[in-house]
Amino acid sequence: MIDKKFKIANKIFKSRLIVGTGKYKSFSECAKAIKTSGADIVTVAVRRVNISNKNKARLMDYIDPKKITYLPNTAGCFTAEDAIRTLRLAREIGGWKLVKLEVLGDKRNLFPEMIETLRSTELLTKEGFKVMVYCNDDPLMSKRLENAGAVAIMPLAAPIGSGLGIQNKVNIKIIRQQTKLPLIIDAGIGQASDASIAMELGCDGVLINTAIAKAKNPIQMADAMRLAVISGRKSFLSGRINPNLFGSASTTNEGII
């Protein structure tokens, strides 16, 4: 298998690891972790992170948007109206059109509200936004999002910030088979092996925030995730052996003494 370039909305990225900018102890720690991760896309919660008030510390003072692609997201939005308003604001502030949409259905589990998410995707696409969509791992709804104009499908592995890892590999495989869009695991990654598994399932990328930001050593974890994504991708492209219930000798009986 030939490794295709990581391409989203006609833009090519070097790293398949996308890193969030929330939950770090400081902007300085965040910047160090992102540099170590090798990521060239970072998500930015427009409603929570200061990107416009020059009188206070700004994310832009630590992470140069000319070198790193900012991906504004709608974290904390529970209706289509809130999400659309937030992304319009992001467009006004920084001219961003490539965005991450998430419309949540409840405050406890932070699962996506898929009806509102689908409606938002349709409306934002008509306004010229390139929408990467946080969604559940439902293959049918993922296809609807693709048909609505999404530029990337981003199913959760597990609830946001839970660190539980991929809970439904079967659905992720089905989504992979039915879509030509970039497939990016978003939410629920806990450790490096989770990121590798996502890539071994054929995903194009992984988005990670909490697992890095809240690790005891965020910088080292960022490096671990970088290596895990690379390793998992190479494993996928190499073509794994077929699983077998029975053992198979490493050498044949031919020429045995």
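Annotations
- The listed residue being outside any loop (DSSP other than H, G, I, E, B) and touching a residue at least 40 places away in the same chain (Cβ under 8 Å), out of Leu123, Leu145, Leu140: Leu123
- Taken over the stretch 1-58, residues that are touching a Lys or Arg at 6+ places or on another chain (Cβ under 8 Å), under 22 Å from Leu227 (Cβ atoms) and at pLDDT below 85 amount to 1.
- Matching option when the condition is modelled with pLDDT of 95 or more, more than 27 Å from Lys130 (Cα to Cα), buried (at least 18 other Cβ atoms within 10 Å of the Cβ) and among the β-branched types (Val, Ile, Thr), among Ile197, Ile219, Ile212: Ile197
- Test: residue in the stretch 59-81 that is in a helix (DSSP H, G or I), more than 16 Å from the chain's Cα centre (by Cα) and closer than 24 Å to Ala150 by Cα: yes
- Within the set Lys130, Lys180, the sole residue that is of a type in the set (D, E, K, R) and modelled with pLDDT under 95 turns out to be Lys180.
- Listing of helices (runs of 4 or more DSSP H) fully contained in the stretch 158-218 that carry 1 or more residues being in contact with a Leu (Cβ under 9 Å, 6 or more places away or on another chain): 169-178, 192-200
- Filter pass, Ile93 being on the phi < 0 side of the Ramachandran plot and surrounded by fewer than 17 Cβ atoms within 10 Å (Cβ to Cβ): yes
- Single residue of the stretch 87-120 satisfying the filter (in contact with a Lys or Arg (Cβ under 7 Å, 6 or more places away or on another chain) and part of a helix (DSSP H, G or I)) that is nearest to Pro155 (Cα to Cα): Leu118
- Residues satisfying the criterion are present in the stretch 91-101 (criterion: of a type outside the set (Gly, Ala, Ser) and in contact with a Gly (Cβ under 7 Å, 6 or more places away or on another chain)).
- Taking the criterion of being assigned to a helix (DSSP H, G or I) and among the small types (Gly, Ala, Ser), the residues of the stretch 219-247 that qualify are Ala222, Ala224, Ala228, Ser231, Gly232, Ser235, Ser238.
The values are calculated or read from the model by the stated rules, or taken from the named source; none is laboratory data. What you are looking at is a predicted structure, and each value in this text was computed from that prediction instead of being measured. No Cβ is skipped: glycine too gets one built from the backbone with ideal geometry, and neighbour counts run over all protein chains shown.
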